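The values are calculated or read from the model by the stated rules, or taken from the named source; none is laboratory data. This is a predicted model, so every value here is computed, not measured. In this analysis, Cβ positions are derived from the backbone assuming ideal geometry, glycine residues included, and neighbour counts consider all displayed protein chains. Keep in mind that these areas ignore ligands, DNA and RNA; they rest on the heavy atoms of the full protein, side chains included. Shrake-Rupley method; radii C 1.70, N 1.55, O 1.52, S 1.80 Å.
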Amino acid sequence: RVGPNRHGPFGLLQGLADGIKLALKEDIVPRQVDKVVFVLAPVMAAVPAFISFAIIPFGPTVSVFGQQTPLQGTDLPVAVLLVLAMASMGVYGIVLAGWSSMSPYSLLGGLRSSAQVISYEIAMGLSFVAVFMYAGSMSTSDIVAAQTDMWFVVLLLPSFLVYVVTMMGESNRIPFDLPEGEGELVGGFHTEYSSLKFAMFFLAEYINLATLSALATTLFLGGWRAPAPISTFWEGANSGWWPVLWFLAKMAMFIFFFIWLRGSLPRVRYDQLMRLGWKVLMPVSLGWILLVATVRALRNEGIDFQQILIYAAIAVAVVLIITVLWEVLRGGGGE
């Protein structure tokens with residue numbers, strides 16, 4: 001068998017070779033499955049991940065063959081809510097895959113996924129609230145425009161940290177890949193799948209990874225705007241096609257972070273996963289939202305507490321990190 005470092009220069013064509021191999025494998029459908037739902041489940045998991053990309057702005061308005069064109073599929077007044085809606089739809093694919101397989105291991109993986117996504121989607125939605133309050137809009141292009149002077153990762157650091165944790169829970173990535181859990185579920189919700197249907201679940205996971213990374217870039221890292229050292233001495237950094245490069249670089253940084261975590265962290269226990277979501281992320285998010293709302297109200301009255309908010313964000317972020325570590329270490333000792 002030809003090794004992965006032999007497919008193209010530096011093995012760069014290995015992914016293409018694996019995709020072709022998966023698509024050409026025999027498609028095995030067990031006898032007792034619900035065939036209609038069994039076939040539709042991978043599609044329901046993959047399609048919402050692609051739809052979410054439509055509202056991500058990759059750059060400003062540019063000239064394409066003489067026409068002024070915004071580098072964005074579409075912009076909605078409630079664009080960020082579309083991502084949450086699509087994440088909710090995507091979990092149906094996993095749940096129905098587990099149910100239609102007529103396998104206890106697959107069913108357990110599907111049930112785990114529904115509980116996990118519901119828990120972490122609430123915390124993810126709460127992490128967006130502070131961004132909406134500061135930007136004054138749910139439109140992704142308006143949120144990017146609101147970060148002209150300062151990125152929200154500085155102003156709203158606790159919201160950013162909560163989002164980073166919840167995006168791992170939403171995408172079923174280590175350390176939160178409990179729906180797959182090979183150690184105890186023999187592969188989880190996709191145990192009975194093969195060939196192209198199996199490949200669609202993995203496609204959904206990695207497209208979702210890119211979507212959540214692009215959303216994190218848009219909401220917290222200034223979107224397509226150039227980093228501070230570049231934008232301060234180069235006036236044209238945020239015009240033309242250059243912003244696409246800054247956006248892709250930030251997105252690639254997030255994807256690298258995901259892959260690095262997968263290779264570094266072990267899988268957590270299910271009770272640790274649920275406790276972190278319900279007892280840590282949600283209370284911290286609610287308290288932080290109250291603090292941000294208070295500062296915004298005082299600012300509307302003419303009192304500028306933005307510097308105080310930055311210090312408060314650092315303090316809350318430190319408390320959040322310590323609490324998360326304490327919960328994981330306490331849970332690791334057994335209860």
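Backbone geometry of the stretch 15-31 corresponds, through the Karplus equation with coefficients 6.51, -1.76 and 1.60 at θ = phi - 60°, to 3J(HN,Hα) couplings of x, 5, 5, 5, x, 5, 4, 5, 5, 8, 6, 5, 8, 9, 10, x, 5 Hz, x marking Gly and Pro.
Across every direction, the projection of the convex hull enclosing the Cα atoms of the stretch 213-308 has a mean area of 9.4 nm². Ratio of Rg to Rh for the chain: 1.00 [Cα atoms; Kirkwood radius as inverse mean 1/r over pairs].
An ellipsoid equivalent to the stretch 21-63, defined through the eigenvalues of its Cα gyration tensor, has semi-axes of 36, 14, 5 Å when rounded to whole angstrom and sorted largest first. Sorted from longest to shortest, the spans of the Cα atoms of the stretch 64-117 along the three principal axes equal 58, 22, 12 Å.
Between Y105, Y311, Y206, the Gaussian network model of the chain with springs among Cα atoms under 10 angstrom shows the greatest mean-square fluctuation at Y311.
If you run the Gaussian network model on the chain, springs between alpha carbon atoms under 10 Å, then out of M138, M167, M253 the most flexible one is M253. Each of the peptides 117-124, 315-322 was scored by the mean count of other Cβ atoms within 10 Å over its residues; in descending order, highest first, they stand as 117-124, 315-322.
Normalised by residue count, the stretch 269-328 yields a Cα convex hull volume of 52 Å³ per residue. Heavy-atom accessible surface of S113, to the nearest 10 Å², is about 0 Å², with a 1.4 Å probe and all protein chains retained.
In order along the stretch 255-267, the phi-based Karplus estimate (6.51 cos²θ - 1.76 cosθ + 1.60, θ = phi - 60°) of 3J(HN,Hα) comes to 5, 4, 4, 4, 5, 4, 4, 4, x, 10, 9, x, 6 Hz; Gly and Pro are listed as x.
Taking only the alpha-carbon positions of the stretch 142-234 and ignoring solvent, what does the Debye formula give for the base-10 log of I(q)/I(0) at q = 0.14, 0.24 Å⁻¹? Debye curve over Cα of the stretch 142-234, log10 I(q)/I(0) at q = 0.14, 0.24 Å⁻¹: -0.65, -1.18.
Amide H contacts under 5 Å for V62: T69, L71, restricted to partners 5 or more places along the chain or on a different chain, H placed in the peptide plane at 1.01 Å from N.
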